[in-house]
Structures are given as C-alpha cells and as structure tokens.
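Beneath this line is the structure, given in structure tokens, with notes to follow.
The values are calculated or read from the model by the stated rules, or taken from the named source; none is laboratory data. Keep in mind it's a predicted model, so treat the numbers as computed, not measured. With ideal geometry, Cβ positions are generated from the backbone for all residues, glycine too; neighbour counts draw on all protein chains shown. We work out accessible area using only protein heavy atoms, side chains counted, and drop any ligands, DNA or RNA first. Shrake-Rupley method; radii C 1.70, N 1.55, O 1.52, S 1.80 Å.
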Amino acid sequence: MLVSLTVGKVDAGVAVLLTEDKRLIEFPSILLPSSITSGSIVDITVKQNFEAEQKTHAAFSSLQKQILNTYGINTPATPALRLRNATQTSLVLEWDPIQLATTTLHSLALYRNGSKAGNIPRPMEQTATKISGLAVDTEYSFYLVLKTSGGTYTSNELTVKTHAMNNLTGITVTPGILPPPMRETLETAIERIGAKMIDTIRIDTTHFICTEGRGRDWERANEMNIPVVRPEWIEGCEREGKIIGVRGYYLDADPKQRQIGSNPSLAGRPSTVAAPSQSSIPQRSKEPVTSPKSPDRESTVSGEPGPEVPPTPPQKDLPPTPAAGEEDDDEEEESEEEPEPQATEAKDKQKAEKSDAEEDDENDEEPEEDSSDDKSQDPHTEEKHQPLVEDAKEGAEMEDVAL
C-alpha cells in the first residue's frame, strides 16, 4: 500500500505530515530523508509482516505455559495431623513434611480446642510436637493452620483423649546400659504390661531405663528432660496396676521411697527383681543377759572390750507397777532401808568426835600431879577409844556397801 504525504513542518524530532484529506500525522523525522523540507512530498509503503507475527505469538505462548507450570499447577499441600503417642498427661502429634511448592512460608500454628496453642518452631525441619501438662483421661481437639504467600491452609481436626492411670500402653521406654539378664527381664515385663521399647531417644520417649548414668543416650535423655529410672520402676507400675511416680526410682534415689503395691490380677506372677530372702539378712547373735560388772572388767560382747560402766547411784523411790508383783515390793523395801545405815554412821562419827574433844579438854585441865592417876586410867581410856575406831571402820565399810 502506497501513501503520499506532504511535509508540513519539520522539527528536531517530529515532522508533521498532511494527508490528502487534510489530516495531520506526527512522524519521527529521523525516519525521513535528511533532504526534506516543508512542502516536500514523501511516499510511504505500508505492508503487514506475517512471519514476524508468528514468531512473536509462539514466544508469548511459551512464556504463558512456563508461568502456568511453575505457579499454577503445584500448590502448597494441606498438612495432615495424626497422633503418635498418648500418655496420662501428654500427647505427641505428628504430620508429613510441609510442601510449599513455589510459595513462601509465613507460619505454622497449632490450635487446641479452637484456641491457638502456639507456633511450631522450625516448621520446615520439625514434623512432630509434644503437648504436656494435660489432664488425665480428658478429650482434646487439635488442628494445624499453615499460612503461606499463596494462601492459608487448615489441616484436619484431630480428636484425642489422654490415658487413665491404669492404662500403661502409652509408656515408651528407651534402654540404656543394662546387664544382659536384666535387659531380657525388662523386655518381658514391658511386653507384659503393653508398653513399647525403642532403641533410640525420640520425642515420644517417656522414660530412659538404665543402671549406670553414662553414654550418649543418657546425655540426650538429660538434655530432653526425660526421666532416667531403674528397671524396678516397670515392676512398680506392674505391681501397682497403674503408672507411679519416678522419685523413688532415680539412679541415686533411696529405695525406701519406692512404691511397690499389689495388683490382684498379677498375684501368681513372679517378680522381675528378686527380693532379699530372710536367710541372706545378717542377724545379730543373742547374748545372755548378765548383771552389770565393775568398770575395770570387759564387756560381755565378744570381739572388743566394752566401755567402762560408772557406779550406779542408789535408786529413788518409785511407785510399784501392777505387773511387778511381790518381787518389786521387796526391792523397793530394800532401797528404802539403805539410807538408814548412812544416817546411823553419821551420828556415830559425831558422837566420837564430841567425846574426843571433851577428853582432850579434861586432860588439859588436870594438874601434872595427877599424872600417875591418869596413867592408871589410861587402860580405860584406850579401851574407850578402841570401840570408837572400830565403829568408824564399820561405818566406812557400810558406806562402801551403800555406794
């Protein structure tokens, strides 16, 4: 198609062209010959380029398909929530790895009974969570909410119930360092109560059982705050017929704090841990009861000399007991009569001292002339002194007897 146009005005960038019906067309002056001026007539040929159109259409269609395959077919997957393990006070929930397709993750939240319980940390790595502190034998409902740049996706609603105290199927045990016979006994007891045993520490491990506190699994159990108990804890649960506390079954706990009950359904079943027999308990040999000996003698117990026994003071007056009988009455009469010799001895000593003092005074007052008479009376005086000395000796002996 050939079109003739008249150049009306030429500027630096745009030229004004006039058609035959007097219409103005602005045309880039750079596309016109450099020799044109106002009033010049130019012929412009216009033709459609079909080949270029086809190439452009093919390129555009390819781009649309690429966008559709990348952003239109693959969408984020809705998380599927399920239960892994349940105990009396905790639940372990799990789900498949999050599939975001081409979207960007914003958050993954867990809802409990219609209220938000919290966001899941590291949702692209973590596929399970543990909820603790729940009520015993209570029903709960949970679901996940996944928020992405491509939209919000809600998982299925999961309704679960915590176990009753007599339900031991939720116990999940990881064994540590144990003697081979004790490990076999532990496996039998765990299978008997319906619990589970796994070889490695996981989020659903409820107890770590061992006899020695060492090893990598023992360290991981402490890091994850998993109770580390002895094998006797399984026996306690079995004997009690329900889950029991772990305080008395720690590795360094006092065995007296352990709770070992009796389950009527397990009356004829042997214990997993042998109880000490009466014959194995050392008994103290019975020694004949003897009267207390003097301080310088040895104790009646064989082996080492006993401690010195101080002399027993005289017993005080005690009221007779109904069961004592006549023998107790005789002993009380003897204890009451013992102080009398002491009082008599004290009076005798005072009399002897007074008589000695009087005789000394009389001897001083008599003159020397009567010395012969005194000499004649000396035998009587000596006889008088001699009984006094003998009385003093008898009083001392009676005092020793009283002591």
- Scanning for something out of contact with any Pro (no Cβ under 9 Å at 6 or more places or on another chain), assigned to a strand (DSSP E or B), open to solvent by 70 Å² or more (accessible area, probe 1.4 Å) and farther than 20 Å from residue 206 by Cα, does region 96-108 turn up at least one residue? yes
- Reported set for region 118-158 where residues are open to solvent by 50 Å² or more (accessible area, probe 1.4 Å), under 19 Å from residue 87 (Cα atoms) and of a type in the set (Gly, Ala, Ser) is 132, 133
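Scan region 86-105 and give yes if some residue there is on the phi > 0 side of the Ramachandran plot and not assigned by the TED database to the domain that holds residue 231, otherwise no. It would help to see each step written out before you state the result.
First, the residues of region 86-105 that are on the phi > 0 side of the Ramachandran plot: 101.
Imposing the further condition that a residue be not assigned by the TED database to the domain that holds residue 231 reduces the set to 101.
Taking every residue of region 86-105 in turn, at least one turns out to be on the phi > 0 side of the Ramachandran plot and not assigned by the TED database to the domain that holds residue 231.
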- Message: Among the numbered criteria (1) over 24 Å from the mean Cα position of the chain (by Cα); (2) in contact (Cβ under 8 Å) with a residue 12 or more places away in the chain, which one does residue 178 miss?
- Response: (1)
- Item | Of the criteria (1) more than 30 Å from residue 144 (Cβ to Cβ); (2) out of contact with any Phe, Trp or Tyr (no Cβ under 7 Å at 6 or more places or on another chain), which one residue 89 fails | (1)
- Checked region 109-130 for anything under 29 Å from the mean Cα position of the chain (by Cα), in a loop (DSSP other than H, G, I, E, B) and of a type in the set (A, V, I, L, M, F, W, C); matches are 120
- Query: Within region 235-249, which residues are under 17 Å from residue 212 (Cα atoms) and open to solvent by less than 20 Å² (accessible area, probe 1.4 Å)?
  - Reply: 248, 249
- Any idea which of (1) in contact with a Gly (Cβ under 8 Å, 6 or more places away or on another chain); (2) surrounded by fewer than 18 Cβ atoms within 10 Å (Cβ to Cβ); (3) under 22 Å from residue 240 (Cβ atoms) is the one residue 168 doesn't satisfy? (2)
